[in-house]
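Colleague: This structure is in structure tokens; I'll ask about it shortly.
FYI, it's all coordinate maths here, none of it is from the lab. Every value quoted in this text rests on a predicted model; they were computed, and no experiment measured them. Note: ideal-geometry Cβ built from the backbone for every residue, glycine included; neighbour counts use all protein chains shown.
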């Protein structure tokens, strides 16, 4: 994994600290070009991995990158699936089973539709999950996707429901079909690691909030620090600035101080902020002797 | 361990189930839903014992508590069945659709000394708690007006296929969305005595409301405005905002931040200066042991469990408190008439006079 990953919250009106700021960003990033301009800025700062949700608008971004391969020979995507609101809104509108049906293959090969119908009717959760993953991955065809993440709303829902087998299903399908490394985004790291351990999933990539004020680090900051130091997994730190609550240098210094944090994902909308954050990560990673 | 059952495993039900199963003091012994499809999957993949029949579940399982997350029309009967068996009950909002049912259930729960709580999770959101705290402490002086808005992209098309689009089931923006906003007003400034100027409209829905607007009237002469619209696609998700105006300033709060404008300093905010102080969710939110979608969902379940352990029957979000929201809903539908304040009652004049003669 690259050390610095670029996130997508700012593009889709997500800001965990301020709804007003979220809306302003949603307005600013109405056009695909506005998003690509920022990704270009990040690329020029040496950031070539985009960790993004499977928002419908992502397919336009993917089209652009497919059409401009020469300009971005080394570019990577880490899809995070599913974009929860898409499903939640569908469930509200249509009910759970109908919503599921909507997201299974609707057109295209007859066999795919049949497979979905049969799986749905037979409550074959593994096949349903595989088909949903395939549907989410479609937009990334012919792009480099070395890591595929399960989005935290789903990870933590399945975790709480104790549907542990679904983690193995996700893991296996991502590895087998996409030759990619599966990752899990979560707000509940220690709990998730216990379950992944029990399933024999070794050294998993786990993306979680890791920040100096312990914001949304369930189990507490000390517990997380201990977990990172002692358990075998590949941490990806997100929300390192706690949505703006911590000053950048202080925030990044804290994260870089944790042993074995493999990567840091952050989002920004201006070249200045991207440059500053990347520079801080580079500087403070070297100082800590991290990779 | 508090032996708990859950009835209603839809979108909210599953979220509650995950939180309940992750709670150290609660043991979910069984779940119940009318969808055999869903319960089959749950029992096979999560090991949850599932029942198809609610009454049989209550008969067969040894329980201490029940969580109700079924469509609103079913709340009253199910809550009653649980209370009759001496169970502590957590019920999703709105509490009931008929105020008379609610009064009966409040009396029953109180007579039996059972913990009773309704899922108005906004009362567990840090920014809203702070707004309520500051208003109660008097930082705004005499409160004369409150504005509550709730917008979201829930219904954007004419076709409605679930209980939420059926009036008889408790569907519609008034019962399903506005009740959150109404309870939040009750929490932050108190319950109004009457409503008027009611506008209710289906924009895409045929059978239910998609938007609701009205004026709120308080006994002391203060006023309020309610604006709820769940057919607004410009909002990515449900967005609720409350503003309170008083003689000493204004507070505006949403789920993420509490913005306070003070004309005069107040001891309840020792670090503030005159003018704007903004407090963010990162400052105001207490950590929870398990997070799913928002700290407030976990915090309210933790509160329920703690209430049972402590025997706290008069805590936050009781049936009695939640019934106030149902009363206001019934005023909005015209099913009941509130107590409009006498003409000439003006909160500000009282406030100014009171200060002059302090």
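Colleague: When the Debye formula is applied to the Cα atoms of the stretch B:187-302, each taken as the same point scatterer, what base-10 log of I(q)/I(0) results at q = 0.10, 0.15, 0.17 Å⁻¹?
Modeller: Log10 I(q)/I(0), no solvent term: -0.46, -0.97, -1.13.
Colleague: On average, how many beta carbons from a partner chain sit within 10 Å of the beta carbon of a residue in A:159-170?
Modeller: Working: counts 5, 15, 15, 10, 8, 3, 3, 2, 0, 0, 1, 0.
Shielding by partners across A:159-170 averages 5.
Colleague: What's the angle, to the nearest 10 degrees (0 to 90), between helix B:75-84's Cα axis and the longest principal axis of chain B?
Modeller: That works out to roughly 70 degrees.
Colleague: Also: Considering the convex hull of the alpha carbon atoms of the protein assembly as shown, report its projected area averaged over all viewing directions, in nm², one decimal. Please list the in-between numbers first.
Modeller: Values: hull surface 119.3 nm².
For the protein assembly as shown, averaging the hull's shadow over all directions gives 29.8 nm².
Colleague: Per-residue mean of other chain beta-carbon atoms within 10 angstrom of the beta-carbon, peptide B:10-20? Don't skip to the answer; put the middle values down first.
Modeller: Values: counts 4, 7, 0, 0, 5, 6, 1, 4, 8, 4, 2.
For this peptide, the per-residue mean of nearby foreign Cβ atoms is 4.
Colleague: Next question. With both partners inside chain A, how many of the DSSP beta bridges are antiparallel, as a percent to the nearest 5?
Modeller: Numbers: 0 of 25 bridges.
Antiparallel bridges: around 0 percent, rounded to the nearest 5.
Colleague: Taking Cα atoms of the stretch B:2-121, Rg/Rh with Kirkwood Rh, to two decimals? Could the numbers behind the result be given before it?
Modeller: On the way: Rg = 13.5 Å, Rh = 14.3 Å.
When Rh is taken as the Kirkwood radius, the ratio is 0.94.
Colleague: Next question. Using helices alone, what [θ] at 222 nm do you get for the protein assembly as shown, with -39,500 (n - 2.57) per DSSP H run of 4 or more residues, divided over all residues and rounded to the nearest 500? It would help to have the intermediate numbers written out before the result.
Modeller: Working: 24 runs with 268 residues, N = 649.
Only helices count here, giving -12500 deg cm²/dmol.
Colleague: Now for a different question. Label 7 Å along Cα→Cβ of residue A:249; the stretch A:263-284 residues with amide nitrogen under 19 Å?
Modeller: Once the point is set 7 Å along Cα→Cβ of residue A:249, A:272-284 turn out to lie under 19 Å by backbone N, inside the stretch A:263-284.
Colleague: Does the stretch B:272-317 come out rounded, prolate or oblate by the C-alpha gyration tensor, with a ≥ b ≥ c the root eigenvalues, rounded set by a/c under 1.5 and, if not, prolate when a/b is larger than b/c and oblate if not? Don't skip to the end; give the middle numbers.
Modeller: On the way: a/c = 3.75, a/b = 1.81, b/c = 2.07.
Oblate is the answer for the stretch B:272-317, as a/c is 1.5 or above yet b/c matches or exceeds a/b.
Colleague: Where does helix B:99-112 land angle-wise versus the long Cα axis of chain B, in degrees 0 to 90, nearest 10?
Modeller: Helix B:99-112 and the main axis of chain B meet at about 70 degrees.
Colleague: On a 0 to 90° scale, report how tilted helix B:347-356 is relative to the longest principal axis of chain B, with both axes built from alpha carbons and the result rounded to the nearest 10.
Modeller: Approximately 50 degrees, to the nearest ten.
Colleague: To continue, here is another question. Quick one: compute the contact order of chain B, relative version, from alpha carbon pairs under 8 angstrom and 6+ residues apart, as a percent.
Modeller: Numbers: 774 pairs, mean separation 70.0, N = 358.
Averaging sequence separation for qualifying contacts and normalising by length gives 20 percent for chain B.
Colleague: Moving to a separate point now. Tell me the relative contact order for the stretch A:1-142 as a rounded percent, counting alpha carbon contacts under 8 Å between residues six or more apart. Please list the in-between numbers first.
Modeller: On the way: 124 pairs, mean separation 27.8, N = 142.
So the answer I get is 20 percent.
Colleague: What does DSSP give for the protein assembly as shown in terms of the percent of beta bridges that are antiparallel, rounded to the nearest 5? Working shown, then result.
Modeller: Numbers: 39 of 90 bridges.
If we restrict to bridges inside the protein assembly as shown, about 45 percent are antiparallel.
Colleague: Run the numbers on chain A and let me know its relative contact order in percent, using alpha-carbon pairs under 8 Å that are six or more apart. The partial results should precede the final answer.
Modeller: Numbers: 432 pairs, mean separation 54.5, N = 291.
Averaging sequence separation for qualifying contacts and normalising by length gives 19 percent for chain A.
Colleague: If you don't mind, there's one more thing I want to ask. Any number yet on Rg/Rh for the stretch B:113-271, C-alpha, Kirkwood?
Modeller: Numbers: Rg = 16.8 Å, Rh = 16.6 Å.
Dividing the radius of gyration by the Kirkwood radius yields 1.01.
Colleague: I want the antiparallel fraction of DSSP beta bridges within chain B, as a percent rounded to 5.
Modeller: Details: 39 of 65 bridges.
The antiparallel proportion sits near 60 percent.
Colleague: Right, next: Shape call for the stretch B:194-261 from the C-alpha gyration tensor, a ≥ b ≥ c root eigenvalues: rounded (a/c under 1.5), prolate (a/b greater than b/c) or oblate?
Modeller: Values: a/c = 4.29, a/b = 1.33, b/c = 3.23.
Here the stretch B:194-261 falls in the oblate category.
Colleague: Then there's this: Summarise the partner chain shielding of A:17-26 as one whole number: the mean count of Cβ atoms from other chains within 10 Å of each residue's Cβ.
Modeller: Values: counts 5, 7, 10, 5, 2, 4, 4, 0, 0, 3.
Per residue, the number of nearby Cβ atoms from other chains is 4 on average.
Colleague: Apply the Kirkwood formula to chain B: the hydrodynamic radius equals the inverse of the mean of 1/r over all pairs of different alpha-carbon atoms; give it in Å with one decimal.
Modeller: Numbers: mean 1/r = 0.0468 Å⁻¹.
Roughly 21.3 Å, rounded to one decimal.
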